[in-house]
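**Q** Structure provided below as structure tokens; questions to follow.
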Amino acid sequence: MLTYTIRRLVLSIPTLLFISIVIFLLLQLAPGDPMAQVPLTVPPEVKQQMREALGLGAPIHVQYWKWLVQFFWIEPQVFVDWLTRDSFFFGWLPDTNLYTGQLRVISWQTRSPVMDIVVQRLPQTLWVVGMSYIVGILIALPIGIYSAYRQYSLFDQAGTFVSMIGFSIPPFFSGVLVIVIFSVNLGWFPSIYDTTHVVTDWASFKVQLNQMILPVMVLALQTTAQISRFMRASMLDNLNQDYVRTARAKGLKESVVVLVHVLRNSMIPIITVIALGIPSIFGGAIITETLFKVNGIGQLLLTALFANDLPMVMTLTFIFAVLIVLFNLIADVLYGILDPRIRYD
């Protein structure tokens, strides 16, 4: 298993380099100019100086190489310094002080380091999108298991109906719908997410929980619909296998047969669905974050696209690609843990 993991990590390096080149070239071909929003009163020579300061005057290969060095060499040093200086878990370690003031990836829109902005926005996305993913999984797995065990029952039909609704209704419709019902008409929950709110006590935690309910509800509906259907289909494939009849013939309890033998084998394909969905948490939910004014990664990406902020867009999309490659590897490793028949070494 260790040899396989190391081999996959080594092979992921050329894959990520190829992805970075494709993303960089596509964004270079995109229409628009970051200097288009500069007032017309600014003289042309000043605009040219601004372009050179942003690195727009260099050849494409030079821009790509600078971005590559900054992303893979300079930013990890900054991150390690932050871990040993300000983080909650590793702040007790001696400060590494690796970063020595080299040029970092700068956003064309805010003139600030891209990774600093990402770190500021990430907690809001993890609070909302991450919590919705966890809630969706916790609801979907029992629904899928029981629907398969009670196939064609009233519960199974109701679960199928709700899942079809979750698949069919897009977030921009369901988000507006819950705002109109629960915020405008009933007044139960706020329609705007306050990103400046700080949790310090139980009262502030209840406020935070109250403003998270609507966006979490919208996102969890899609997650529940997807994973519950996969869970049901996987359980049905295993419930009719010979080893299930053998386990029942041995006199094992029905709960042991279903929740131990059948569930373990059924979770193998579900691991892929769950693992590949985790990068979407860090990528944010663009539509939902925009509807509820969540100042997260999704809204940051949308703003950067409108402003033609290529360093920000490229960094966010490449981080998303890195997470997809990483969690693909994690899913493959979990296969070997859940299924003893799979051997990688």
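**Q** Only Cα pairs within less than 10 Å get springs; with that Gaussian network setup on the chain, which residue of F230, F90, F161 has the largest fluctuation?
**A** F90
**Q** Moving on. How large is the Kirkwood hydrodynamic radius of region 170-210, in angstrom, based on all distinct alpha carbon pairs?
**A** 11.4
**Q** Below 8 Å between Cα atoms, with a sequence gap of 6+, how large is the relative contact order for the chain in percent?
**A** Normalised by residue count, the contact order of the chain is 24 percent.
**Q** Output needed for region 219-345: three equivalent-ellipsoid semi-axes, defined as square roots of 5 times the C-alpha gyration tensor eigenvalues, in descending order, whole Å.
**A** 40, 18, 8
**Q** Pairing the Cα long axis of helix 154-168 with the longest principal axis of the chain, what angle in degrees results, from 0 to 90 and rounded to the nearest 10?
**A** 20
**Q** Mind jotting down the three principal axis lengths of region 118-338 based on Cα atoms? Whole angstrom, largest first.
**A** Taking the Cα atoms of region 118-338, the three principal extents are 63, 42, 37 Å.
**Q** Which FRET efficiency value, to the nearest 0.05, do you get for M217 and S168 by plugging their Cβ-Cβ distance into 1/(1 + (r/R0)^6) with R0 = 22 Å?
**A** 0.85
**Q** Let me ask you something else. Once the Cα atoms of helix 202-239 and of the chain are each reduced to a long axis, what angle between those two axes, in degrees from 0 to 90 to the nearest 10, is obtained?
**A** Value to nearest ten degrees: 50.
**Q** If you consider only alpha-carbon coordinates, what radius of gyration and Dmax does region 178-261 have, in Å?
**A** Reported Rg and Dmax, both Å: 21.7, 60.
**Q** Same structure, new question: To the nearest 0.05, how large is the calculated FRET efficiency for T3 and N185 if R₀ is 45 Å and r is the Cβ-Cβ distance?
**A** According to the calculation, E is roughly 0.15.
**Q** Assuming R0 = 51 Å, what is the FRET efficiency of Q28 and T200, from their Cβ-Cβ distance, to the nearest 0.05?
**A** So the FRET efficiency works out to roughly 0.65.
**Q** Fewest to most neighbouring Cβ within 10 Å: what's the order for T3, T84, T317, T223?
**A** Going from sparsest to densest Cβ surroundings: T3, T84, T317, T223.
**Q** Let me ask something else. When averaged across all projection directions, what area in nm² does the alpha-carbon convex hull of region 234-284 cover?
**A** 3.9
**Q** Also: Just to confirm the number: angle between the C-alpha axis of helix 44-53 and the first principal axis of the chain, 0 to 90 degrees, nearest 10?
**A** The answer is roughly 50 degrees.
Readers should treat all values here as calculations from the given coordinates under stated rules, not as data from a laboratory. Because the structure is a prediction, the values reported are computed rather than measured. Quick reminder, even Gly has a Cβ in these numbers, built from the backbone with ideal geometry, and neighbours come from all protein chains shown.
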